[in-house]
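The values are calculated or read from the model by the stated rules, or taken from the named source; none is laboratory data. All figures in this text were calculated on a predicted structure; none of them were measured in a lab. All Cβ positions, even for glycine, are placed from backbone atoms using ideal geometry, and neighbour counts span all protein chains on display.
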Amino acid sequence: MNEGIVIKARNSIYEVRCKEELIRCVLRPKIKLEDERMREETKEMRMADLVSVGDRVIISSEDGATGYIEEILPRENQFGRTRIGKLPQVIAANLDILLIVFAARNPALKLRMLDRFLVTSEAAGMEPVICINKMDLVNPEGVKSQMKLYESIGYPVIYASAVTGEGIEELRLTMRDKISAFAGPSGVGKSTLLNAIQPGLKLRIGDVSERTHKGQHTTSEVELLSLDFGGFVADTPGIRALGLLEVGIQYLDSYFPEMREYLPLCKYPTCSHAHEPDCAVKTALGSGKINAKRYESYLRMRGAKDGRYERRTKGTKRAKLENKGDGIDITNDTTGWTNERANRKKRQDKSRRHRVLLESLK
Ligand SMILES: Nc1nc2c(ncn2[C@@H]2O[C@H](COP(=O)(O)OP(=O)(O)OP(=O)(O)O)[C@@H](O)[C@H]2O)c(=O)[nH]1
Ligand SMILES: [Mg+2]
Ligand SMILES: [Zn+2]
């Protein structure tokens, strides 16, 4: 029995890295799930969704080349999304850092989408780092002043260009000895940046359409790549719409770090900060301490914009649902794999174990 980390998952075959070896595994049909919550969730999920890139697993192998995944160890966190009409998708698990990549232009920088990525990483308990790529295409001052808001909230922002090399060293320093993932819309240059960060990776890159200014979804699979300077990074396929996985509506406000200090000051402990009297968040909004655009993002995610507090819907009427604002995919669930504040401490303990494994893989 060996402990390893899943670096690739395809057609129910998992590549697991154990120390020096790369072992191709399938799931033992009666797999052991250590994590109680995972077991519950499993009822809803297909077996194929059980294991994701980044998962730590116990495997058995007789020939050192192929084997079985015997056990999936509890996840420290997971980055994923909900999808209309489909099961939720876990993109990568056990991440130290989520590198949220957007382009300064082509495709255009969408701050509302950025807010959704930030909330997702806050809810999952992973450290977000914002990377604005393609800085060579814009007047840097304009973008930097736009991003000041995020820096003032406390989010690190790295300005980069795969063309000029700006930010590449800073990215390396951020990623060193960590497990990270590059996530963001298609065409922002995630794979191009990774090729620059570690020459020799030879990840496929694609054009941004002249007509639609959108990427072509060139990267189609998640793969955890080993970094020469230490650590692992997952390149991930571009995301068109980020449905909020595991974001319990009752905690949504706390996933906006700039709101946190005001939350205990609202008159009602369950204040939604949308329409209640004596709301400290709205007072802070009025005095400019909370940014209006961020507050708007909050309301949209909450679904309060159109008065709907709808659960994630299985429905097929996609077009209809898409017109209902961003709140449709939020889950009211407090069970399942939710990464709530109470679970943070437990996760941090697990993280230590995870680090030991990482150390042993070097
Ligand atoms: N001008 C400029 N173009 C860039 C930069 N980085 C990437 N590109 C171009 O942007 C396009 C998309 O790059 P990719 O690396 O394929 O983008 P991606 O984010 O991996 O896209 P998906 O795999 O589809 O999610 C390519 O034509 C790259 O050459 C940059 O810093 N500046
Ligand atoms: Mg790519
Ligand atoms: Zn309030």
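Only one entry of SER152, SER209 meets the criterion of being under 16 Å from LEU111 (Cβ atoms) and of a type in the set (S, T, N, Q), and that entry is SER152. Residues that are in a helix (DSSP H, G or I) and more than 16 Å from ligand 1 (Cβ to nearest atom) within region 117-141 comprise LEU118, VAL119, THR120, SER121, GLU122, ALA123, ALA124, GLU141, listed in sequence order. Does ILE100 count as touching a Cys at 6+ places or on another chain (Cβ under 8 Å) and in the same structural domain as VAL143 (by TED's automatic domain parsing)? It is true that ILE100 is touching a Cys at 6+ places or on another chain (Cβ under 8 Å) and in the same structural domain as VAL143 (by TED's automatic domain parsing). Taken over region 280-294, the criterion of being within 25 Å of the chain's Cα centre (by Cα) and either part of a loop (DSSP other than H, G, I, E, B) or in the same structural domain as PRO128 (by TED's automatic domain parsing) (or both) is satisfied by ILE290, ASN291.
Yes or no: ILE205 among the aliphatic types (A, V, I, L, M), under 30 Å from SER272 (Cβ atoms), within 15 Å of ligand 2 (Cβ to nearest atom) and assigned to a loop (DSSP other than H, G, I, E, B)?
Considered against the rule, which asks whether it is among the aliphatic types (A, V, I, L, M), under 30 Å from SER272 (Cβ atoms), within 15 Å of ligand 2 (Cβ to nearest atom) and assigned to a loop (DSSP other than H, G, I, E, B), ILE205 comes out as no.
For region 159-174, a residue qualifies if it is touching a strand residue (DSSP E or B) at 6+ places or on another chain (Cβ under 9 Å) and among the acidic types (Asp, Glu), and the qualifying residues are GLU166, GLU170. Within region 182-198, if we keep just the residues that are touching a Phe, Trp or Tyr at 6+ places or on another chain (Cβ under 7 Å) and more than 18 Å from ARG105 (Cβ to Cβ), the residue that is surrounded by the most Cβ atoms within 10 Å (Cβ to Cβ) turns out to be ALA183. Summed over region 1-59, the residues that are modelled with pLDDT of 70 or more and not in a strand (DSSP E or B) give a count of 11.
The number of residues in region 155-174 that are within 16 Å of ligand 2 (Cβ to nearest atom) and more than 16 Å from ASN106 (Cα to Cα) comes to 1. Just one of the listed residues (ASN106, ASN195) is more than 30 Å from GLY288 (Cβ to Cβ), of a type outside the set (A, V, I, L, M) and in a helix (DSSP H, G or I), and it is ASN195.
Only one entry in PRO237, PRO277, PRO269, PRO264 is within 21 Å of the chain's Cα centre (by Cα) and modelled with pLDDT of 90 or more, namely PRO237. Of the residues making up region 152-170, those that are within 15 Å of ligand 1 (Cβ to nearest atom) and surrounded by 14 or more Cβ atoms within 10 Å (Cβ to Cβ) are ILE158, TYR159, ALA160, SER161, ALA162, VAL163, GLU166, GLY167, ILE168, GLU170. Among the residues here, LEU114 qualifies as in the same structural domain as LEU194 (by TED's automatic domain parsing) and within 18 Å of the chain's Cα centre (by Cα). Does SER220 count as at pLDDT below 95 and under 20 Å from the mean Cα position of the chain (by Cα)? It is true that SER220 is at pLDDT below 95 and under 20 Å from the mean Cα position of the chain (by Cα). Within region 199-216, is even one residue buried (at least 18 other Cβ atoms within 10 Å of the Cβ) and touching a His at 6+ places or on another chain (Cβ under 9 Å)? Checked against the condition, which is being buried (at least 18 other Cβ atoms within 10 Å of the Cβ) and touching a His at 6+ places or on another chain (Cβ under 9 Å), region 199-216 yields no hits at all. For beta carbons closer than 6 Å, sequence separation of 6+ or different chains, a first residue in region 131-153 that is free of Cβ contacts under 8 Å to residues at least 12 places away in the same chain and a second that is among the aliphatic types (A, V, I, L, M) and surrounded by 14 or more Cβ atoms within 10 Å (Cβ to Cβ), the qualifying pairs are GLU151/VAL157.
Only a single criterion out of (1) away from ligand 2 (no atom under 16 Å from the Cβ); (2) out of contact with any strand residue (DSSP E or B) (no Cβ under 7 Å at 6 or more places or on another chain); (3) acidic (Asp, Glu) is not satisfied by ASP177, namely (2). Here the condition is being outside any strand (DSSP E or B), buried (at least 20 other Cβ atoms within 10 Å of the Cβ) and at negative phi; of LEU95, LEU99, LEU149, it holds for LEU95 alone.
Report whether or not SER254 is within 16 Å of ligand 3 (Cβ to nearest atom), in a loop (DSSP other than H, G, I, E, B) and among the hydroxyl-bearing types (Ser, Thr, Tyr). When the stated conditions are applied, SER254 does not pass them.
Looking at this structure, is PRO269 part of a loop (DSSP other than H, G, I, E, B), within 12 Å of ligand 3 (Cβ to nearest atom) and outside the structural domain of GLY187 (by TED's automatic domain parsing)? Criteria met by PRO269.
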